[in-house]
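The values are calculated or read from the model by the stated rules, or taken from the named source; none is laboratory data. Given the structure is predicted, the values throughout are model-derived calculations rather than measurements. Positions of Cβ are backbone-derived with ideal geometry, glycine not excepted, and every protein chain shown enters the neighbour counts. Note: accessible area is taken over every heavy atom of the protein model, side chains too, but ligands, DNA and RNA are not part of it. Shrake-Rupley method; radii C 1.70, N 1.55, O 1.52, S 1.80 Å.
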Amino acid sequence: MPLHFQRRMKRAASILAGLLLACAAVGCQGAAPAQSSPAPTSPQGQFAELANLYFMGLEDKQQVGVTQAYIDYKGACAYAIEYPATGNEMIDARIKEIVAQIRADFDQTYAAFVADGDASVSYQTGFEAELYVGYQTYLGVDKTLSVVFEESQTVRNGNSPYEGVHTHVFDLSSGKELNESDVWKEGYRAAVSAYAAKHFGNATFAEDLIEPSYREHIADAPQNFTQYALTNDGVRFYFDKYSILPGSYGIVQMDVPYAALADVLNVDITQSAVVPEPNTGMHALPAATETAAPTVAPTAAPSAKPASTPKPAATATPAATNPPASARKIDPNKPMVALTFDDGPSVKYGNQILDTLEKHGQVATFFELGNLMAAHPQVDQRAAGLGCEIGSHTYSHKNLNKLTAEQVKEEIAKTDEVFKRVLGHPSVLIRPPYGNINKTVQACLGEHAAVNWSVDTLDWKSKNVEQIIETVKKEGNLDGKVILMHSIYASSAQAVEELVPYLLEQGYQLVTVSELITYKHHESIQMGKVYGYRYFR
Ligand code: ZN
């Protein structure tokens, strides 16, 4: 059977929405109750919007297949899934199996959260857990088809999710899936490892590499180099987010030309790939027609302005008119909000954020990774000097819920060693990666408190200045809330340039997380406590 080469053009515009409707109409198993056009404010509508964002990023990497898409809901879980139909029965059957497996694994992860008593509702969509699965397809040498599934899981509070890839290579003549020994000759990892050392060792990456994790992940070891696709002109390897480079790099790819691996490949690299024209389709779900009406404004602030209020120019306030942050006086009776930034330090964007805070004499809280702080101590030294609070985001951004107590303690202790070296004291506040914290992790907190957030800007997902600002504005009353952003993206740093003057104009005091707990809740920080979503509402 011929493959379906993809050329979706505008026709694909509402594929997801169309399927959602079709699904509801025929009563797909497990689907949400029929709802012809979910309002964007409904959980389903909000979820569909987020799904749209997720899928947009994958479109230009789909060489083969007609996109099959569905949105589904089961209990408190929501699923947005896209996979290709290639027209080859065997391959398509296997693809469906793989998708079902990803879904089953996700259900299990969620069940574990529930068992831990750790599931809470996402204020973004009203769901407790969300799964997004998208795909890339590549035609490679020797009649191969590579299918790469990209997965994003969000469990609890719409926090920064787990992201991963699942790669599969098929033989187009037989429809069979190729295993490692079909694709590679023995000992191929040594060749790839040597290539990776050269590739990442160059100037572009050298400063950012995470040691020693980087070395572990490019070593000639059986667990490495298992995720790859055969593309038109080489092998594309995938590395987990946070494994060799900071989170801002996302899932890291390394493209190796076929010629460089000629000696270790089992496939015939002289049989070159025949690649169809790239598709130009773009997804677009029905545009949001409503703008959320602002909710109650902070009492002491001017009434919340409509979302369309012109943004104050970032340069409107000359620095000279603002007192330094050290001269701040916090008025417990006035509304206050805490900006928090995860995943840094980032020399470029962290400093850009600090420039904005300094200019306005304001502060924020940074939750930093120990491994990055060790490499770039100056950013947090400057932040601390400006009166900002620095918390720990652990050493290497692992999902603490999956570690043993010993490993959790090590992630915390190693970071504190860096804190002592760089800032002269250990950390007090810890923001666990992905916001994940179960009872085991909580028991490991020792002389620390865990802090999550109550407003997620989803800056890591949209990487869009307007959208980040809109998300904050739509929240309405921000008094007492903790806003989550990341200090590693250009868009986030740029959004801060508008957000800080906006928040001040609305009558808010910008405070650190500790100050918020002290002045809003009149409590001193309790060690071992988890300050979560509900606390900061
Ligand atoms: Zn993080």
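Does the stretch 415-449 hold any residues that are within 16 Å of the ligand (Cβ to nearest atom) and at pLDDT 95 or above, and which are they?
Step one: filter the stretch 415-449 for residues within 16 Å of the ligand (Cβ to nearest atom), giving 415, 427, 429-437, 441.
Matches in the stretch 415-449: THR415, SER427, LEU429, ILE430, ARG431.
Note down all Cβ pairs under 7 Å where the first residue falls in the stretch 425-450 and is over 10 Å from ASN401 (Cα atoms) and without any contact (Cβ under 8 Å) to a residue 60 or more places away in the chain, the second is open to solvent by 20 Å² or more (accessible area, probe 1.4 Å) and among the charged types (D, E, K, R), and they're at least six residues apart or on different chains.
PRO426/LYS420; CYS444/LYS409
Out of all the residues in the stretch 182-211, which are open to solvent by 70 Å² or more (accessible area, probe 1.4 Å) and without any contact (Cβ under 8 Å) to a residue 24 or more places away in the chain? Before the answer, list the steps.
Of all residues in the stretch 182-211, those open to solvent by 70 Å² or more (accessible area, probe 1.4 Å) come to 185-186, 198, 203-204, 207, 211.
Correct list: GLU186, LYS198, ALA203, THR204.
Can you find, within the stretch 480-504, the residue that is nearest to ALA364 (Cα to Cα) among those that are within 16 Å of the ligand (Cβ to nearest atom) and in a loop (DSSP other than H, G, I, E, B)?
Looking at the filtered set, the residue picked out is SER487.
Would you please name the residue that is modelled with the lowest pLDDT, looking only at residues in the stretch 486-537 that are within 16 Å of PRO332 (Cα to Cα) and in contact with a Pro (Cβ under 8 Å, 6 or more places away or on another chain)?
Of the stretch 486-537, the ones within 16 Å of PRO332 (Cα to Cα) are 504, 507-524, 536.
So of that shortlist, the ones also in contact with a Pro (Cβ under 8 Å, 6 or more places away or on another chain) come out as 507-509, 519-520, 522.
Numbers: GLY507: 96, TYR508: 96, GLN509: 96, TYR519: 90, LYS520: 91, HIS522: 87.
The selected residue is HIS522.
Any idea how many residues of the stretch 505-537 are surrounded by fewer than 18 Cβ atoms within 10 Å (Cβ to Cβ) and assigned to a helix (DSSP H, G or I)?
2
Which one of the conditions (1) out of contact with any strand residue (DSSP E or B) (no Cβ under 8 Å at 6 or more places or on another chain); (2) open to solvent by 10 Å² or more (accessible area, probe 1.4 Å) does TYR214 fail to meet, given that it meets all the rest?
For TYR214, the failing item is (2).
If you go through the stretch 389-398 one residue at a time, how many are within 15 Å of the ligand (Cβ to nearest atom) and either under 22 Å from LEU357 (Cα atoms) or of a type in the set (Phe, Trp, Tyr) (or both)? Walk me through how you get there before you give the answer.
Filtering the stretch 389-398 down to residues within 15 Å of the ligand (Cβ to nearest atom) leaves 390-398.
Now drop any that are not either under 22 Å from LEU357 (Cα atoms) or of a type in the set (Phe, Trp, Tyr) (or both), which leaves 390-393, 395.
Residues in the stretch 389-398 being within 15 Å of the ligand (Cβ to nearest atom) and either under 22 Å from LEU357 (Cα atoms) or of a type in the set (Phe, Trp, Tyr) (or both): 5 in total.
What residue, of GLN108, GLN101, is farther than 16 Å from LEU145 by Cβ, open to solvent by 10 Å² or more (accessible area, probe 1.4 Å) and at pLDDT 90 or above?
GLN101
Scan the stretch 507-520 residue by residue and report those that are more than 16 Å from the ligand (Cβ to nearest atom) and touching a strand residue (DSSP E or B) at 6+ places or on another chain (Cβ under 9 Å).
TYR508, GLN509, LEU510, VAL511, THR512, SER514, GLU515, LEU516, ILE517, TYR519, LYS520
From ASN452, ASN477, which residue is within 16 Å of the ligand (Cβ to nearest atom) and either surrounded by fewer than 17 Cβ atoms within 10 Å (Cβ to Cβ) or under 21 Å from HIS521 (Cα atoms) (or both)?
Values: ASN477 fails: within 16 Å of the ligand (Cβ to nearest atom).
That would be ASN452, the only listed residue that is within 16 Å of the ligand (Cβ to nearest atom) and either surrounded by fewer than 17 Cβ atoms within 10 Å (Cβ to Cβ) or under 21 Å from HIS521 (Cα atoms) (or both).
For the stretch 334-381, which positions are part of a strand (DSSP E or B) and more than 16 Å from the ligand (Cβ to nearest atom)?
MET336, VAL337, ALA338
Can you find a residue in the stretch 377-386 that is within 23 Å of LYS529 (Cβ to Cβ) and in contact with an Asp or Glu (Cβ under 7 Å, 6 or more places away or on another chain)?
Narrowing the stretch 377-386 to residues within 23 Å of LYS529 (Cβ to Cβ): none.
Scanning the stretch 377-386, I find no residue that is within 23 Å of LYS529 (Cβ to Cβ) and in contact with an Asp or Glu (Cβ under 7 Å, 6 or more places away or on another chain), so the answer is no.
Of the residues VAL347, VAL337, VAL379, VAL363, which is open to solvent by 40 Å² or more (accessible area, probe 1.4 Å) and β-branched (Val, Ile, Thr)? Spell out how you get there, then give the answer.
On the way: VAL337 fails: open to solvent by 40 Å² or more (accessible area, probe 1.4 Å); VAL379 fails: open to solvent by 40 Å² or more (accessible area, probe 1.4 Å); VAL363 fails: open to solvent by 40 Å² or more (accessible area, probe 1.4 Å).
Of VAL347, VAL337, VAL379, VAL363, the one residue that is open to solvent by 40 Å² or more (accessible area, probe 1.4 Å) and β-branched (Val, Ile, Thr) is VAL347.
Would you be able to say whether some residue in the stretch 399-409 is in a strand (DSSP E or B) and within 16 Å of the ligand (Cβ to nearest atom)? Walk me through how you get there before you give the answer.
Applying the first criterion (in a strand (DSSP E or B)) to the stretch 399-409 yields none.
No, the stretch 399-409 contains no residue that is in a strand (DSSP E or B) and within 16 Å of the ligand (Cβ to nearest atom).
Check LYS402 against each of (1) touching a residue at least 24 places away in the same chain (Cβ under 8 Å); (2) out of contact with any Leu (no Cβ under 6 Å at 6 or more places or on another chain) and name the one condition it does not meet.
In the conditions (1) touching a residue at least 24 places away in the same chain (Cβ under 8 Å); (2) out of contact with any Leu (no Cβ under 6 Å at 6 or more places or on another chain), LYS402 misses (1) alone.
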